[in-house]
1. A353 - would you say it is at pLDDT 95 or above and either out of contact with any Ser or Thr (no Cβ under 6 Å at 6 or more places or on another chain) or surrounded by fewer than 23 Cβ atoms within 10 Å (Cβ to Cβ) (or both)?
2. Which of the numbered conditions does V372 fail, given that it passes all the others? Conditions: (1) modelled with pLDDT under 95; (2) farther than 24 Å from G37 by Cβ; (3) surrounded by 18 or more Cβ atoms within 10 Å (Cβ to Cβ).
3. Within region 397-456, can you find the residues that are hydroxyl-bearing (S, T, Y) and farther than 30 Å from M343 by Cβ?
4. Which residues, counting only those in region 375-400, are touching a residue at least 12 places away in the same chain (Cβ under 8 Å), of a type outside the set (K, R) and more than 22 Å from D59 (Cα to Cα)?
5. Suppose we filter E53, E35 for residues that are acidic (D, E), in contact with a Lys or Arg (Cβ under 8 Å, 6 or more places away or on another chain) and loosely packed, with under 13 Cβ neighbours inside 10 Å; which single one remains?
6. Which of (1) closer than 29 Å to C383 by Cα; (2) more than 17 Å from the chain's Cα centre (by Cα); (3) not aliphatic (A, V, I, L, M) does T214 not meet, given it meets every other one?
7. For region 239-255, give me each residue that is buried (at least 18 other Cβ atoms within 10 Å of the Cβ) and not hydrophobic (A, V, I, L, M, F, W, C).
8. Please enumerate the residues belonging to region 230-278 that are under 21 Å from V127 (Cα atoms) and polar (S, T, N, Q).
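The values are calculated or read from the model by the stated rules, or taken from the named source; none is laboratory data. Since the structure is predicted, the reported quantities are computational estimates derived from the model, not experimental observations. Reconstructed Cβ throughout: ideal geometry from the backbone, glycine too, with neighbour counts over all protein chains shown.
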Amino acid sequence: MATKIYTGEEIEELKQLGEAHFWPHSQPIGDMSEESGIKLATKAKGVWVEDAEGNKWVDTLAGMWLKNIGHGREEIAQAVYEQMQDISYAPGGTVSPVTVQLAAKVASLSPDKESRVYFVSGGSEAVESALKIAKAYHKNNGEPSRYKIISRRGSYHGATHACMSLGGSQAAGAVDYGPMMPGNIHIAQPNQYNGYCASRGGCDLSCAYEVEKTILHEGPHTVAAFIGEPISAAAGIHIPHPEYWPTIREICDKYGVIMICDEVINGFGRTGRMFATEHWDVKPDIFTVAKALTSGYLPIGAAVASKKVSDAFLGEENMLRHLITFGGNPASCAAGIKNLEIMENESVVENSARMGDYLYEQLQTLYEHPIVGDIRGGMGLLCAIELVKDRETKERFPKEAGLADKLGRIMLKHGLLGRAGDVVSLSPPLTISKDEIDFTVTQLGNSLAEVEKDLL
């Protein structure tokens, strides 16, 4: 089907309607007319996104960490169309074949091949479900006093109230919604540049051993789970020490604590492996997925529980009393199956590893810019550039400098669509080519040079 061409009058009408009635997510209400305002995206293919006025950008964040096989895959649309002709929603007490097939496929890719997959609508629901599973697991095993969750400061695990309470990331807007849910304990986040690890002269695994200290302080009989992203995206893409996750696995096993790994962003090839925990040969008790399971073509998410955990729910008296209306939606599952098929047939995960190395290598040239303090990556297509006012002291730009707004506008002008701020994340579709990486790095360098003139 041909892309609709909008006239100038239609574009202006849409902007007016948007400013009057559209409430965007995590952006100021209204602005769709200014240079920095919300764009009317009308077409996308591969790594490129185009707006109604013909402007084109490289999607440097893969939508929102999800467009792993790229934009515009007609095979996904066809698979969804065919599924919706058969059955678009399975009523209570039934399940569509495609939902069962996707569960089996995800399990086959998981660290525990005997795991069970609980489908939901997205990442927040996946994490919420994982928390419930962890708490109910202990209850079913005769330990109802285990309800506390240990997470890492600055983490982002979703937008529900329970998820916001994990880590307390400003990205979740936790400061706007009053007291967070009780029973959530925050500990140090791995950060060798300007965080906990740096303050100790380098990583000595203290942030991992803090899990054990916290369990003992709170009382092992009260702690249900520990949760963390294998590589924390919200905290600025800090790759942990090679022994960090094995150490946490050992600690959780020692005290009977469920280890939850949030793979909503990390999963399905983002780090150059199908799942990030594979880098450390660690098997979580529960891990969460969403976003790239369908490469964002339709909403879906899942909590994937190991056999040890899911077996605790066998029998009617032990069943998980939890329901998500659109969990396992047949159309979404059809998109998921086709998405994983494309990933395998086109060696998308392998390309992520190769192009990730290349991107990280090319990014090193940006150290020529004085505002570049740190460049992180080297593990798939998950990289970050941290910008500072002073490289020696690692001092950040003050809020009044307007770094995010200025750099965001400049990047758009140079053909880059993504997030700008103290940390510029680079996580493009996993199908990106060397030429597209070269364009991205060159234009990012041009953007940094331009913003430096204003800030320094």
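1. Judged against the criteria, A353 is a match.
2. Answer for V372: the failing condition is (1).
3. Here is the first cut: in region 397-456, the residues hydroxyl-bearing (S, T, Y) are 425, 427, 431, 433, 440, 442, 447.
Within region 397-456, S447 is the sole residue that qualifies.
4. Across region 375-400, the qualifying residues are V388, F397.
5. Of the residues listed, the single one that is acidic (D, E), in contact with a Lys or Arg (Cβ under 8 Å, 6 or more places away or on another chain) and loosely packed, with under 13 Cβ neighbours inside 10 Å is E35.
6. With respect to (1) closer than 29 Å to C383 by Cα; (2) more than 17 Å from the chain's Cα centre (by Cα); (3) not aliphatic (A, V, I, L, M), T214 is out only on (1).
7. Hits for region 239-255 are P240, H241, Y244, T247, R249.
8. S232, N266, T271, T277
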